[in-house]
Amino acid sequence: MTNLLKNKKGFGIVEILVAAAVLGFMYMAILNMQGGNRDALLRIRGRDGAIEVAQQVLDSLKSVGIAAIPSKDAEDTVFDVPEINRKWARGLGDSATVTYSSQVTVSPTQDYTSQTPSQFESISHVYAKQVKVKVSWNFKGSTQSIEVSSVIR
């Protein structure tokens with residue numbers, strides 16, 4: 001029995017150092033994989049926020065009516081909307097804020113005009129306007145953007 005206890009050996013310092021090095025490499029690989037996922041999640045949240053901002057701009061244009069939206073008969077009308085900020089929680093009390101800038105382009109109204117002739121005059125009426133909203137934001141040093149189009153009646 002005493003011979004069995006004398007022949008048992010534990011792990012040596014070299015084995016422990018090799019195991020620690022292997023675990024360290026695996027830990028770094030897992031951290032790098034999660035970093036890519038975090039960036040993809042932030043990019044998706046930024047895009048979702050931009051879609052929300054574009055829809056908000058379109059809804060506000062619809063609520064004011066087509067008479068209040070500036071437009072021209074033969075060419076595009078472009079105007080900027082004040083910047084809009086969106087904020088998301090990022091765990092442990094941290095948050096991310098994204099600033100969105102929007103540009104509205106109103107297409108020429110000649111395709112959405114009706115003529116009503118009478119004995120005395122011909123009346124022209126604009127019954128709809130095609131509007132494109134381009135929302136831009138910065139992500140990691142590059143400018144991202146989306147464009148949403150709608151016809152406002």
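Computed from the coordinates by the stated procedures, all read-outs in this text should not be read as laboratory data. Because the structure is a prediction, the values reported are computed rather than measured. For neighbour counting, all protein chains shown are included, and Cβ atoms are generated from backbone atoms with ideal geometry for every residue, glycine included.
Farthest toward the dipole's positive end in the stretch 69-153, which of Val104, Leu92, Ser136, given Cβ charges of +1 (Lys, Arg) and -1 (Asp, Glu) about the Cα centre?
Checking the options against the dipole of the stretch 69-153, the answer is Leu92.
If each DSSP helix of 4+ residues adds -39,500 (n - 2.57) and the sum is divided by the residues in the chain, what number results at 222 nm, nearest 500 deg cm²/dmol?
-13500 deg cm²/dmol
Taking the Cα centre of the stretch 13-88 as origin, work out the dipole magnitude from +1 charges on Lys and Arg Cβ and -1 charges on Asp and Glu Cβ, in debye rounded to 20.
300 debye
Could you give the size of the charge dipole of the stretch 12-152 about its Cα centre, using +1 on the Cβ of each K and R and -1 on the Cβ of each D and E, expressed in debye and rounded to the nearest 20? Walk me through the intermediate numbers first.
On the way: 13 positive and 14 negative charges, 84 e Å.
About 400 debye.
Which length gain, in nm to one decimal place, applies between Gln56 and Val18 when the Cα-Cα distance is subtracted from 0.36 nm times their residue separation? Before the final figure, lay out each step's value.
On the way: separation 38, 0.36 × 38 = 13.68 nm, distance 5.73 nm.
The Gln56-Val18 span can extend by a further 8.0 nm.
Given a Förster distance of 35 Å, report the FRET efficiency between Ser149 and Arg38 from their Cβ-Cβ distance, rounded to the nearest 0.05.
Here the calculated transfer efficiency is 0.65.
How many lysine pairs does the chain hold where the Cα atoms are under 21 Å apart and the two sit 8 or more places apart or on different chains?
Pairs that pass both the separation and distance tests number 9.
Suppose a student asked you for the relative contact order of the stretch 12-152, using Cα pairs under 8 Å spaced at least 6 residues apart; what percent would you report?
22 percent
Along the positive direction of the dipole of the chain (beta-carbon charges: Lys, Arg +1; Asp, Glu -1; about the Cα centre), which of Leu23, Val151, Ser71 reaches farthest?
Towards the positive end, the residue furthest out is Leu23.
Just check the stretch 88-147 against the gyration tensor rule for me: Cα atoms, a ≥ b ≥ c as the square roots of the eigenvalues, rounded for a/c under 1.5, and otherwise prolate or oblate depending on whether a/b exceeds b/c.
prolate
When Kirkwood radius over Cα pairs in Å is calculated directly from the model, which label among (1) 20.8; (2) 16.0; (3) 18.5 fits?
Recomputing Kirkwood radius over Cα pairs in Å here picks out (1).
Rank by packing, highest mean first: peptides 42-48, 118-124, with packing defined as the count of other Cβ atoms within 10 Å averaged across residues. Don't jump to the answer; show the numbers that get you there.
Numbers: 42-48: 14.9, 118-124: 7.9.
Put in order of decreasing packing, that is 42-48, 118-124.
Between Phe25 and Ala67, what FRET efficiency comes out of the Förster formula 1/(1 + (r/R0)^6) with R0 = 41 Å and r the beta carbon distance, rounded to 0.05?
Rounded to the nearest 0.05, the efficiency is 0.05.
Find the relative contact order for the stretch 91-153 and round it to a whole percent, using C-alpha pairs within less than 8 Å whose residues are 6+ positions apart. Mind showing how you got there, number by number?
Values: 96 pairs, mean separation 19.9, N = 63.
Answer for the stretch 91-153 is 32 percent.
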